[in-house]
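As structure tokens, the structure follows; a few thoughts come after it.
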Amino acid sequence: MNASFARLAAALADRYRIERELGAGGMATVYLAHDIKHDRKVAVKVLRPELAAVIGAERFLAEIRTTANLQHPHILPLFDSGAADSFLFYVMPYVEGISLRDRLTREKQLPIADAVRIAREVADALQYAHQHGIIHRDVKPENILLHGGHALVADFGIALAASKTGGTRLTETGMSLGTPQYMSPEQAMGERELDARSDIYALGCVSYEMLTGEPPFAGPSAQAIVAKVMTADPVEATALRKSIPRHVAEAVHIAMQKLPADRFASASDFSAALGESAAISRPSPMHAATPSRSRAASALVAALIAGGMIGALAGWLLHRTSPGMPVLLGRSMQVTSNPGLEVLPAISPDGRSVAYAAGLPGAMRIYVRAVTGGRAIRLIDDTSIAQRGPSWSPDGTRIVFLARGGAFSAPAAGGTPRPEIPAMTGDGVVWAAWDPRGNRLGFAIADSLFVREVDGTVRRLATVHEPVLCSWSHAGGDIACAAGNATYVGGAGGSAFFANLAPSHIVTCRVRDGALSLISDSTSLNQSPVWSPDGRWVYYVSDRLGQRDVFAQHLSGDGAAEGVPIRVTTGLSPHSISLSPDGRRLAYSSMTATSNVWSLGIPTAPPVSTDAAVPVTSGTQVIEGVAPTLDGNWLYYDSNIAGSSNLFRMRLPAGEPEQLTADTVPDFAPEPSPDGKEVAFHSWRSGSRDIYVMPLDGGPLQRVTSSPRQEAAPVWARDGSALAFLELTTAGGVWVARRNADRSWGTPVQRWRSGVVFDWSPNGKSLLVEIAGSAPGLSLLPVDGGPPRAVVDSAHPGMPTAADARWSADGNTIYFKSQDVQGRASFWSVPTKGGTPRLLVRFSDPNKPSNNPRWGMANNRFYFTIDDWQSDIRVLELTPRN
């Protein structure tokens with residue numbers, strides 16, 4: 001517990017029991033608390049110390065008293081406020097819902113009826129406040145809560161109090177009032193006396209984002225956004241979404257007029273216009289630019305310069321000269337429609353056919369089908385060989401694919417395969433494709449890119465961490481790869497974590513000298529890069545804005561990323577993409593994935609099926625990490641239900657989910673401490689995968705590891721004194737970090753050079769690991785040194801493989817989950833001293849597969865995910881812009 005948290009808890013102890021931090025914003029930090037007098041949960045908002053010092057207690061309490069009298073069904077009420085031990089705070093109801101920002105992150109575009117209803121409810125709330133002389137000043141999706149589907153506007157008061165402190169004193173704190181994407185031009189100009197029309201402008205921006213999936217203005221910096229707010233026109237909403245009714249689009253655009261006089265006079269007028277079914281007679285700035293509008297923009301630019309905001313203007317001019325959308329989207333054609341997975345499309349050089357992989361992740365086959373329909377052709381007859389990663393020869397006569405750890409090619413019309421790149425010891429080929437001339441074959445193994453030259457010699461190009469889904473530029477001088485998440489396509493030899501959510505990044509490699517360039521962020525999922533015909537754009541799949549879509553990154557003349565990525569599509573949910581050589585057809589696999597936790601009692605008369613399993617969680621989400629507490633009272637898990645993957649917990653057997661983290665950078669693999677007071681997990685919040693420990697009492701986050709080794713999946717020792725975890729670099733490794741007497745973490749020590757750690761023995765002396773290489777299967781590794789002892793030798797014929805394993809409470813039995821070569825799951829047990837594994841549970845229902853290896857165990861029950869993966873191949877027609 002940090003000093004500030006402890007001091008706040010002590011200062012409010014007579015009224016509120018502070019439980020933990022819920023989140024922090026630019027002006028305040030929010031805490032979950034228990035109202036002692038009224039026995040209820042509340043949210044306590046505490047101003048940042050520097051802002052509290054600027055405003056002062058007297059002014060803050062005076063303005064809060066003003067807003068406390070607002071009583072409206074769509075305004076979040078104020079319970080209490082005060083000053084205690086230099087803290088300025090106010091208390092609101094704890095709303096068990098989500099914010100509009102959370103919903104936008106998850107859905108991007110809202111149904112039109114929902115967007116209009118929410119906008120009108122917020123408008124009603126603003127009209128009521130305006131009639132009482134109160135302007136909100138910071139209307140944005142984060143300040144609109146959704147409870148029971150209806151809007152509640154929060155945070156009246158802070159901006160009002162801060163606005164009266166004086167701009168200079170506020171600027172000294174490093175804070176500003178308002179949020180650039182929703183800030184009215186007059187607020188951006190620094191005008192102190194704002195009226196209701198400033199809030200109307202902000203609500204217009206919020207409405208635009210609900211309808212189109214993006215704010216009206218975006219940019220690489222706050223200054224660039226402000227410059228656009230003051231000088232540029234947003235793209236017409238109907239150009240981004242044709243189904244928006246004309247009267248709704250026009251109402252939103254009127255609300256976003258630059259000049260306050262050209263907007264609606266009141267929020268109620270805006271609400272009425274949104275509800276009208278007839279076209280609005282007022283002129284819309286999106287349909288006709290007027291001379292007065294141009295003069296207004298010029299005046300604003302002049303004011304920008306006069307106000308010393310040259311940097312903002314320069315940012316705007318830079319953005320104006322950067323490339324726009326590279327293509328126009330045309331019709332989309334569905335190529336496949338079978339249930340299950342049809343993924344990894346490769347469009348033929350003439351754009352008329354698509355090769356793709358279909359089937360279970362561990363047992364896929366390659367097929368070829370014409371874009372216009374017809375029968376699918378199986379590429380090779382041998383159905384015992386798992387295949388993936390198809391890629392066409394430049395002349396369209398052959399297809400190279402991955403199988404048995406190597407690369408093969410076969411005639412595009414089907415036939416006998418021939419080997420191209422053999423499997424290498426311990427590592428499989430993870431990508432292979434011919435260059436545009438068909439003379440060279442590029443391929444990737446482990447962390448290396450190679451080229452097989454015309455004469456058959458092999459040249460190593462560069463080291464790239466987990467390269468996958470690479471592609472050649474059309475001139476053959478560069479290769480683009482996704483890096484950092486090879487298991488996104490199932491890894492070199494299995495189905496584990498197919499289509500997982502882990503971040504990855506896009507790199508380009510110059511073939512002549514192996515020089516690498518990073519062209520995407522590394523904290524989002526970025527996959528499947530392809531090149532435009534002129535080599536000036538790289539298209540790729542990313543979830544940087546929540547849902548997976550296609551983005552385009554412009555490249556400078558020297559191949560570096562230039563400007564910000566442009567979102568090309570909205571709502572496609574592609575898993576991977578392929579672009580025809582002429583740039584006019586984009587093949588993609590439109591994939592949906594849902595994973596929820598189920599539970600099943602450990603059978604007393606095995607083997608059994610999963611017919612008796614019961615659902616634990618529900619929702620349109622993907623859960624990867626599953627960890628019940630040892631006492632069986634709580635379930636911890638990660639979920640992307642709020643957009644990015646975050647940590648949750650729920651009381652078993654059927655409590656309400658409680659969100660523990662709310663980061664845009666994903667968090668995974670929660671592991672509750674034995675005493676239930678902390679949770680360990682891995683996260684990319686430092687820019688690399690590292691281990692963290694989060695106290696559940698609101699204390700400061702502890703970082704356990706700080707290295708480029710990609711540490712993951714922490715496991716607690718049963719006494720809470722240490723963490724074991726694995727390393728996800730090619731070298732791999734099992735590591736242990738011990739806790740010091742002062743509760744800090746010591747330097748991690750590598751206990752084994754390769755493998756995966758699953759669990760810690762109850763007596764703390766051994767780790768349950770899978771050792772890669774010469775002794776695959778389950779082994780016991782002494783924590784303090786010594787060789788591992790095999791418990792299950794998966795190399796022995798008939799023995800199951802171990803995907804994840806857990807120790808029984810008494811230490812006498814080991815339970816493990818297995819995935820067969822086709823990805824079908826099962827649970828087994830084996831005595832700790834060794835012996836023949838016993839089959840306990842078969843996942844025999846094809847409609848309830850459990851693809852995720854991770855699982856948990858408590859109170860004689862298994863906890864695991866049931867997954868629904870569906871994907872079809874589609875082709876989108878494109879028109880390149882000149």
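The values are calculated or read from the model by the stated rules, or taken from the named source; none is laboratory data. Note that the coordinates shown come from a computational prediction; the quantities given were computed from them, not determined experimentally. Don't worry about glycine lacking a Cβ; one is built from the backbone with ideal geometry, like all the others, and counts go over all protein chains shown. Side chains included, ligands, DNA and RNA excluded: accessible areas come from the protein's heavy atoms. Shrake-Rupley method; radii C 1.70, N 1.55, O 1.52, S 1.80 Å.
Odds and ends about this structure:
- The residue of the range 400-412 that is farthest from the chain's Cα centre (by Cα), among those that are touching a residue at least 40 places away in the same chain (Cβ under 8 Å) and not in a strand (DSSP E or B), is Ala412.
- Selection within the range 51-93 - charged (D, E, K, R) and exposed (fewer than 14 other Cβ atoms within 10 Å of the Cβ): Glu58, Arg65, Asp85
- Scan the range 122-145 for residues that are under 18 Å from Gln659 (Cβ atoms) and surrounded by fewer than 20 Cβ atoms within 10 Å (Cβ to Cβ) and the total you get is 1.
- Within the range 748-768, no residue that is free of Cβ contacts under 8 Å to residues at least 12 places away in the same chain sits with its Cβ atom under 7 Å from a residue that is surrounded by fewer than 23 Cβ atoms within 10 Å (Cβ to Cβ) and part of a loop (DSSP other than H, G, I, E, B) at 6+ positions apart or across chains.
- Residue match in the range 31-38 (condition: over 29 Å from Leu701 (Cβ atoms) and modelled with pLDDT under 90): yes
- Strands (runs of 3 or more DSSP E) lying entirely in the range 463-540 (those with 2 or more residues that are in contact with a Cys (Cβ under 6 Å, 6 or more places away or on another chain)): 478-483
- For Pro503, the conditions (1) crowded, with 22+ Cβ neighbours inside 10 Å; (2) in contact with a strand residue (DSSP E or B) (Cβ under 6 Å, 6 or more places away or on another chain) are fulfilled apart from (2).
- Looking across the range 849-860 at every residue that is of a type in the set (Gly, Ala, Ser) and either in contact with a Pro (Cβ under 8 Å, 6 or more places away or on another chain) or not in a loop (DSSP other than H, G, I, E, B) (or both), the one that is nearest to Val791 (Cα to Cα) is identified as Gly856.
- For the condition in contact with a Gly (Cβ under 8 Å, 6 or more places away or on another chain) and either buried (at least 16 other Cβ atoms within 10 Å of the Cβ) or under 29 Å from Ala809 (Cβ atoms) (or both), Arg709 qualifies.
- Qualifying positions in the range 94-107 - open to solvent by 20 Å² or more (accessible area, probe 1.4 Å) and out of contact with any Asp or Glu (no Cβ under 6 Å at 6 or more places or on another chain): Tyr94, Val95, Glu96, Gly97, Ile98, Asp102, Arg103, Thr105, Arg106, Glu107
- Check on Ala6, farther than 16 Å from Val95 by Cα and either open to solvent by less than 80 Å² (accessible area, probe 1.4 Å) or not in a strand (DSSP E or B) (or both): yes
- Test: Ser639 is touching a residue at least 40 places away in the same chain (Cβ under 8 Å) and not charged (D, E, K, R): no
A quick yes/no check of all residues on (1) in contact (Cβ under 8 Å) with a residue 24 or more places away in the chain; (2) in a loop (DSSP other than H, G, I, E, B); (3) surrounded by 22 or more Cβ atoms within 10 Å (Cβ to Cβ):
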| position | (1), (2), (3) |
| --- | --- |
| Val792 | yes, no, yes |
| Met799 | yes, yes, no |
| Gly811 | yes, yes, no |
| Gly823 | yes, yes, yes |
| Thr836 | no, yes, no |
| Val841 | yes, no, yes |
| Asn847 | no, yes, no |
| Trp869 | yes, no, no |
| Val875 | yes, no, yes |
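- Residue, most open to solvent (accessible area, probe 1.4 Å), within the range 229-242, restricted to residues that are at pLDDT 85 or above and more than 19 Å from Leu328 (Cβ to Cβ): Asp233
- Any chance Ala119 is within 20 Å of Asn69 (Cα to Cα) and either open to solvent by less than 30 Å² (accessible area, probe 1.4 Å) or under 20 Å from the mean Cα position of the chain (by Cα) (or both): no
- Subset of the range 849-867 [small (Gly, Ala, Ser) and crowded, with 21+ Cβ neighbours inside 10 Å]: Ser850, Gly856
- Residue selection: Arg120 fails the criterion of being part of a helix (DSSP H, G or I) and touching a strand residue (DSSP E or B) at 6+ places or on another chain (Cβ under 7 Å).
- Entry remark, the range 192-224: residues being part of a loop (DSSP other than H, G, I, E, B), among the acidic types (Asp, Glu) and either farther than 18 Å from His130 by Cα or in contact (Cβ under 8 Å) with a residue 40 or more places away in the chain (or both) number 2 in total.
- Taking the range 243-277 as the range and being open to solvent by less than 40 Å² (accessible area, probe 1.4 Å) and more than 27 Å from Tyr128 (Cα to Cα) as the test, only Ile244 passes.
- Single match in Phe217, Phe156 (criterion: more than 26 Å from the chain's Cα centre (by Cα) and either open to solvent by 10 Å² or more (accessible area, probe 1.4 Å) or at pLDDT 90 or above (or both)): Phe156
- Of residues in the range 682-706 being surrounded by 15 or more Cβ atoms within 10 Å (Cβ to Cβ) and hydroxyl-bearing (Ser, Thr, Tyr), the one nearest to Thr747 (Cα to Cα): Thr705
- Count of residues meeting criterion [acidic (Asp, Glu), in a helix (DSSP H, G or I) and either under 33 Å from the mean Cα position of the chain (by Cα) or closer than 17 Å to Val42 by Cα (or both)] in the range 57-111: 2
- Just one of (1) open to solvent by less than 40 Å² (accessible area, probe 1.4 Å); (2) within 22 Å of Asp14 (Cα to Cα); (3) of a type in the set (Asp, Glu) fails for Asp39. It is (1).
- Selected residue (criterion: surrounded by the most Cβ atoms within 10 Å (Cβ to Cβ)) from residues of the range 9-36 that are within 27 Å of the chain's Cα centre (by Cα) and in a loop (DSSP other than H, G, I, E, B): Met27
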